[in-house]
Amino acid sequence: MFSRILFIIPIWLILDFYFFQSLKSVTQNLSSATRNGVHWAYWLFDLVLILIVLFLIFINPKLLPAKYIFVLVGFVLLSLVPKLLVLPFLLLEDITRLGSYAWNFKNNIPYPERRKFIGQIILGVSAVPFLAIIYGMSRGKYQYKVHHHTLYFEDLPEAFDNFTITQLSDIHCGSFTDHASVKRGIELANEQKSDLLVFTGDLVNNESIELDEWQSLFARLNAPFGVYSILGNHDYGDYTEWSSPDAKAANLNRLKTMQKEMGFRLLLDEHVKLEKNGQFINLVGVQNWGKNFARYGNLEKAMATVDRDSFTVVLSHDPTHWEAEILRHPMPVHLTLAGHTHGMQFGIEIPGFRWSAVKYIYNQWAGLYNKGKQYINVNRGFGFIGFSGRVGIWPEISVITLKKRTV
């Protein structure tokens, strides 16, 4: 991860020097001691970050556990993102200053200095993402939100009218640092008192050992019809180095065993019938399958014994599977539950407007979508990875109510 940051360090420093010019214009009327303190704090913050990154790259890459690496990434974003967002304003001011100087060149008017009020505006604008990232790192990553959806189906068995499903996804327990907050999220999921609880993949970041300190907490998840799970792309251990193929396989087997110990019924390209009052619906679980990620899943195998014309819910981690295979399957899938995108953990969601850069990668990236009578819910994720925080896209607990549509 940090080897990528190595290539942007020169750009990072250039950006620092550029932004510093605005900071100097704003602090020029402060006392010498205050001004110097602000300037020293500005440079020390970034230089310490850069030195830590260089140390991790060249001297001891394994000094910090992954969860603290993600915190460090957050501080890097804290430095870079506000400056990048105000960069167009800085460039516009400099173009204006250059134009003014060129226009008055013959009059021997000196090159205009940065205007203090422009610097104040730029600092004010940059403070918004700065404070948002601080909030996202300190509180946002555990700010669990419950999203309710009610779906109507003509062919839903009457016994399952008002049947409720709580969906969790992308727990990434190897990123957690706060037991009390995670416990609160688990309690909130149980408080929904749904008939069924499902988990749609990415329990860990890479290794089953990450689950050790969290296993007893997640074992508290329960529902009358059981807790069912599938594997996500991170669960297979594909993103870390193993001493041998056998070690990788043992890790995955241990993760499967731990899920069983937690009371999770792991579905590996298979389906179960959920019965109520003599009627049933199908719950199908597919291993990870994604357009740009590993394709372990086998939808045909999972659907092989599903009764034709019966009501079917599919658990599939990556939402690209929906358009690529699930919608095309000869036996209709009424509802697909997915995760994977995290909503990029960074975006804007307000009534009437929703945006994240991840929308340019995934057609279905957060919330409920439908094509005709077929639906997919993309859970924003319970945990986080890469960046130890969430800004605007909060961790999610989905609650879906199935209703019988009456003519």
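The values are calculated or read from the model by the stated rules, or taken from the named source; none is laboratory data. Please read these numbers as outputs of a predicted model, since none were measured by experiment. All Cβ positions, even for glycine, are placed from backbone atoms using ideal geometry, and neighbour counts span all protein chains on display. The accessibility values were calculated without ligands, DNA or RNA, using every heavy atom of the protein model including side chains. Shrake-Rupley method; radii C 1.70, N 1.55, O 1.52, S 1.80 Å.
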Practice task
Hey, can you grab everything whose amide H is under 5 Å from the amide H of GLU270? Only 5+ residues off in sequence or another chain; H modelled, so Pro and N-termini drop out.
Solution key: GLY285
Handout entry: Accessible surface, the stretch 193-324, averaged per residue in Å² (probe 1.4 Å)
Key = 43
Exercise for the section: Give the residue from LEU91, TYR68, LEU156 lying farthest towards the positive end of the charge dipole for the stretch 52-192; charges sit on Cβ (+1 for Lys and Arg, -1 for Asp and Glu) and the dipole is referred to the Cα centre. Expected result: LEU91
Completion exercise
With DSSP loop assignment and no more than 14 other C-beta atoms within 10 Å, the GluC sites (Glu not before Pro) in the stretch 175-252 are GLU213, GLU241
Problem - Computed [θ] at 222 nm, helices only, for the chain once each DSSP H run of length n ≥ 4 contributes -39500 (n - 2.57) - result: -13000 deg cm²/dmol
Handout entry: Between the stretch 347-391 and the stretch 22-42, the alpha-carbon center distance in angstrom
Key = 41
Handout entry: Potential lengthening between ASP246 and LEU54 on full extension [0.36 nm per residue; Cα-Cα distance subtracted]
Key = 65.8 nm
Completion exercise
Here the residues of the stretch 365-407 lying in the modelled label zone of ASN162, meaning backbone nitrogen under 20 Å from a point 7 Å along Cα-to-Cβ, are 399-407
Exercise for the section: Would you work out if the stretch 38-154 is rounded, prolate or oblate? Take a ≥ b ≥ c from the square roots of the eigenvalues of the alpha-carbon gyration tensor; rounded if a/c is under 1.5, else prolate when a/b is larger than b/c, oblate otherwise. Expected result: oblate
Practice task
Enter the angle in degrees (range 0 to 90, nearest 10) between the Cα long axis of helix 2-27 and the first principal axis of the Cα atoms of the chain, meaning the one along which they spread out most.
Solution key: 50
Completion exercise
Per the rule of 0.36 nm per residue minus the C-alpha distance, extending GLN192 to ASP94 adds in nm 29.8 nm
Problem - Exposure ranking of ASP246, ASP170 by accessible area [1.4 Å probe, largest first] - result: ASP246, ASP170
Problem - Contour excess over end-to-end distance, with Cα ends at ASP307 and ASN292 and 0.36 nm allotted per residue - result: 2.3 nm
Fill in the blank from the handout: Cα-Cα pairs in the chain separated by more than 32 Å, as a whole percent of all pairs, come to 45
Practice task
Hey, could you grab the Kirkwood Rh for the stretch 307-372? Inverse mean 1/r over distinct alpha carbon pairs, Å, one decimal.
Solution key: 13.2
Problem - 0 to 90° range, to nearest 10: angle between helix 245-262 axis and the chain longest Cα axis - result: 70
Exercise for the section: Specify the angular offset, from 0 to 90 degrees and rounded to the nearest 10, of the alpha carbon long axis of helix 32-58 from the longest principal axis of the alpha carbons in the chain. Expected result: 50
Problem - Student exercise, the stretch 115-212 dipole from Lys, Arg, Asp, Glu Cβ charges, in Debye to nearest 20 - result: 1140
Exercise for the section: Using the Cα centre as the reference, give the magnitude of the dipole from point charges on the C-beta atoms of the stretch 1-136 (Lys, Arg: +1; Asp, Glu: -1; all else neutral), rounded to the nearest 20 debye. Expected result: 40
